[in-house]
Amino acid sequence: MQKQQSEGNIDDFLEAQELRERLGRIRHKILVMSGKGGVGKSTVAVNLAVSLSLAGHKVGLLDVDIHGPSIPKMLRLEDAKVQEANGALQPVEAAGMKVMSIGFLLRNRDDAVIWRGPMKMNVIRQFLKDVDWGDLDFLIIDSPPGTGDEPLSVCQLVKPLDGAVVVTTPQNVALADVRKSIRFCHQLSIPVLGVVENMSGFVCPHCSTVTEIFKSGGGEKMSAEMNVPFLGRVPIDPAVGESCDGGEPFVYHYGSTATARAFDRIGAPVLALLDADTAQKTQPSGKKENIMKIAIPVADGKLCAHFGHCEQFALVEADVGAKKILSTSMLTPPAHEPGVLPRWLHEQGANTIIAGGMGQRAQSLFESNDIKVVVGAAADTPENLAMAFISGTLKTGDNACDH
């Protein structure tokens, strides 16, 4: 029994090592998701991937919608077959990209896939570990609607994910579910690169009159309420539907249209990841010493009086030298137990925590994890507190906790 367990542990270790090596050749992994079906998520994923490819980058497109794979249809790859070479599955080439989908592995395109969670996890692992993706700048991952097995499996296998693009339509019934997708990302510490409001108004191809079939502006309003970037609106365009049905990526054939330019804007924060890579490589030695990660306990968008009972932590990355906020990510903390939060925040890279109150023992635990403690801060947004701290203008009062 012990021998079998030992062999199982070795196999698991080797498999995890293969997965790390495969993913290590992919610079950035992006998840496209939505809490609601029928919002055009796969359309956004395909056109985002093609836009990146047209910009000269090496791109992979992975379809993990096990029950309803639509990527093969959208790229006219319904009859494509996956080949094997050198012990690895070879992705299908299309529009300058490498593509993989469960649709390529079905004997009949109309076959129903009736699988439970563990089987889905295994096939997604295979798509990541056993497919010869090669060296990629981006892997765009198209997930099915909701926050179930497939997106959760991706998040567990692909560490770290560089971010998620969340797709919605303007009406409230879609926005309610998309909020859950954003919460899902926050809980799993995945940066939300932004929200796309798809099907936002119909532009008449004859007179250019805009008709708000589903109204508009809901996605932008929700983004502001949840403090995530808004990437813009994509109007209803008959040519988009024709392109999807015809297997011709819209931005590939209609690049000069306003709708194509809207898809290009979606790619801006994704391309910014490469800019960040370049900036990091060209930074003079010692520049990184100016980068600070400040943890702030948050409830209802502002500093929580007691760090141990907050809903989330904001992790604010700031350039102290330039006095500039670089990014803010929201993290859901583990269950509160003595000593857990200091270790956890240290693992997240935090080197300072701003709190309303904190006992002396807790302060000692943070300091032993190389995290500077600032107490007595007033309730304010994480960005305002962090900016005041790096500017030397943060006002603090009495420590709100004395135990």
- prompt: Are any of the residues in region 367-387 within 13 Å of Gly308 (Cα to Cα), modelled with pLDDT under 85, assigned by TED's automatic domain parsing to the domain that holds Val298 and not acidic (Asp, Glu)?
  reply: no
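Just the residues that are hydrophobic (A, V, I, L, M, F, W, C) and at pLDDT 75 or above, please, taken from region 100-118.
Listed by number, the residues that qualify are Met100, Ile102, Phe104, Leu105.
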- prompt: In region 131-180, which residues are part of a strand (DSSP E or B) and at positive phi?
  reply: Gly163
Considering residues of region 74-96 that are touching a residue at least 40 places away in the same chain (Cβ under 8 Å) and within 25 Å of the chain's Cα centre (by Cα) only, the residue farthest from Gly267 (Cα to Cα): Pro91
message: Test of understanding: among Val375, Val340, which residue is surrounded by fewer than 18 Cβ atoms within 10 Å (Cβ to Cβ) and farther than 19 Å from Ile190 by Cβ?
response: Val340
query: Would it be correct to say that Ala45 is in a helix (DSSP H, G or I) and either in contact (Cβ under 8 Å) with a residue 24 or more places away in the chain or under 18 Å from the mean Cα position of the chain (by Cα) (or both)?
result: yes
- prompt: Which members of region 364-380 meet the condition of being in a loop (DSSP other than H, G, I, E, B) and without any contact (Cβ under 8 Å) to a residue 60 or more places away in the chain?
  reply: Asn369, Asp370, Val375, Gly376
query: Considering Arg343, Arg361, which residue is closer than 17 Å to Phe313 by Cα, part of a helix (DSSP H, G or I) and either modelled with pLDDT under 80 or touching a helix residue (DSSP H, G or I) at 6+ places or on another chain (Cβ under 9 Å) (or both)?
result: Arg343
- prompt: In region 381-403, what count of residues is obtained for those that are buried (at least 18 other Cβ atoms within 10 Å of the Cβ) and either of a type in the set (Asp, Glu) or assigned to a loop (DSSP other than H, G, I, E, B) (or both)?
  reply: 2
- prompt: Among the residues of region 154-188 satisfying the criterion of being at pLDDT 85 or above and among the polar types (S, T, N, Q), which is surrounded by the most Cβ atoms within 10 Å (Cβ to Cβ)?
  reply: Thr168
- prompt: Could you count how many residues in region 302-328 are surrounded by 13 or more Cβ atoms within 10 Å (Cβ to Cβ), modelled with pLDDT of 85 or more and under 28 Å from Ile30 (Cα atoms)?
  reply: 11
Scope region 334-363; condition in contact with a strand residue (DSSP E or B) (Cβ under 9 Å, 6 or more places away or on another chain) and among the polar types (S, T, N, Q); matching residues: Gln348, Asn351, Thr352, Gln363
message: Contact list please: Cβ distance under 6 Å, first residue in region 224-247 and closer than 18 Å to Ile213 by Cβ, second residue assigned to a strand (DSSP E or B), pairs at least six apart or on different chains.
response: Arg233/Glu197; Arg233/Ser200; Val234/Asn198; Pro235/Ser200; Pro235/Gly201; Pro235/Val203; Ile236/Met199; Ile236/Phe202
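The rows are residues; the columns are (1) under 27 Å from Ala224 (Cβ atoms); (2) touching a residue at least 40 places away in the same chain (Cβ under 8 Å); (3) not assigned by TED's automatic domain parsing to the domain that holds Pro382.
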site: Cys304; (1), (2), (3): yes, yes, no
site: Phe307; (1), (2), (3): yes, yes, no
site: Cys310; (1), (2), (3): yes, no, no
site: Phe313; (1), (2), (3): yes, no, no
site: Ala335; (1), (2), (3): no, no, no
site: Asn351; (1), (2), (3): no, yes, no
site: Ile354; (1), (2), (3): yes, yes, no
site: Met358; (1), (2), (3): no, yes, no
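The values are calculated or read from the model by the stated rules, or taken from the named source; none is laboratory data. Note that the structure is predicted; figures quoted are calculated from it, not measured. Glycine gets a Cβ as well: all are built from the backbone with ideal geometry, and neighbour counts include every protein chain shown.
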